[in-house]
Every structure is written in structure tokens, then in C-alpha cells.
Amino acid sequence: MKNIMKRRILIYPAVILFFYLFRAIDLFPLDVNFDFTSWEKSKLIRWGVLSLLGILTEEYFIRRKSSKLD
């Protein structure tokens, strides 16, 4: 149980940071905008949805792994 919580504490912020950087860096044209307060509403929504999907996917794998151990 302790390992699962430790994994969540490490993975969830990493997922959010990954998708934050994914949304902040546009490759074509190369543009970097780390100030999320200046992002368009659609870009903020996509960042939130992608982060939520990433967390839910990770939670699915955590629960699947823990049920195999039981």
C-alpha cells in the first residue's frame, strides 16, 4: 500500500508536467509559451483533459497491478 501511494505521489505531478510542457511548446512554428494564463481557453481545456486522461490511465494500471498482487 505504501509503494502505491509513493508511486502516485511521483507519477501524477510528472504526468501533469509532461502535458504542460507538451502544450507549452509548439513545434511548428517553434514557439514556447510557459505562461498558462495567456493561453487560449481551448489550449487550457486540452491541457486539463490530457492530464486527466493520463492520470486516469496511470490509476488504471496501478489498480490492475495491485489486484494481481492480491
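Output the qualifying pairs, or none if there are none: Cβ atoms under 6 angstrom, residues six or more apart or on different chains, first residue in the stretch 43-60 and hydrophobic (A, V, I, L, M, F, W, C), second residue in a helix (DSSP H, G or I) and surrounded by fewer than 17 Cβ atoms within 10 Å (Cβ to Cβ).
What qualifies is ILE55/TYR12.
Out of the stretch 24-33, which residues are surrounded by 11 or more Cβ atoms within 10 Å (Cβ to Cβ) and touching a helix residue (DSSP H, G or I) at 6+ places or on another chain (Cβ under 7 Å)?
Filtering the stretch 24-33 for residues surrounded by 11 or more Cβ atoms within 10 Å (Cβ to Cβ) gives 24-26, 33.
ASN33 - this is the single residue of the stretch 24-33 that is surrounded by 11 or more Cβ atoms within 10 Å (Cβ to Cβ) and touching a helix residue (DSSP H, G or I) at 6+ places or on another chain (Cβ under 7 Å).
Being among the small types (Gly, Ala, Ser), touching a helix residue (DSSP H, G or I) at 6+ places or on another chain (Cβ under 7 Å) and in a helix (DSSP H, G or I): is that true of SER42 here?
So SER42 fails the test.
Say we look at the stretch 29-70 and pick out the residues that are acidic (Asp, Glu) and more than 16 Å from PHE18 (Cβ to Cβ); which of these is nearest to the chain's Cα centre (by Cα)?
Start the filter on the stretch 29-70 by keeping residues that are acidic (Asp, Glu), which leaves 31, 35, 40, 58-59, 70.
This time we only want the ones that are more than 16 Å from PHE18 (Cβ to Cβ), so: 31, 35, 40, 70.
On the way: ASP31: 21, ASP35: 17, GLU40: 19, ASP70: 28 Å.
Residue satisfying both the conditions and the ranking: ASP35.
For (1) modelled with pLDDT of 90 or more; (2) of a type outside the set (Asp, Glu); (3) surrounded by 12 or more Cβ atoms within 10 Å (Cβ to Cβ); (4) not in a helix (DSSP H, G or I), each residue gets a yes or a no:
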position: ARG8; (1), (2), (3), (4): no, yes, yes, no
position: TYR12; (1), (2), (3), (4): yes, yes, yes, no
position: PHE19; (1), (2), (3), (4): yes, yes, yes, no
position: PHE22; (1), (2), (3), (4): no, yes, yes, no
position: SER51; (1), (2), (3), (4): yes, yes, yes, no
position: LEU56; (1), (2), (3), (4): yes, yes, no, no
position: ILE62; (1), (2), (3), (4): no, yes, yes, no
position: SER66; (1), (2), (3), (4): no, yes, yes, no
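The values are calculated or read from the model by the stated rules, or taken from the named source; none is laboratory data. Just so you know, these numbers come straight off a predicted model, no measurement behind them. Virtual Cβ from ideal backbone geometry, glycine too; neighbours counted across all protein chains shown.
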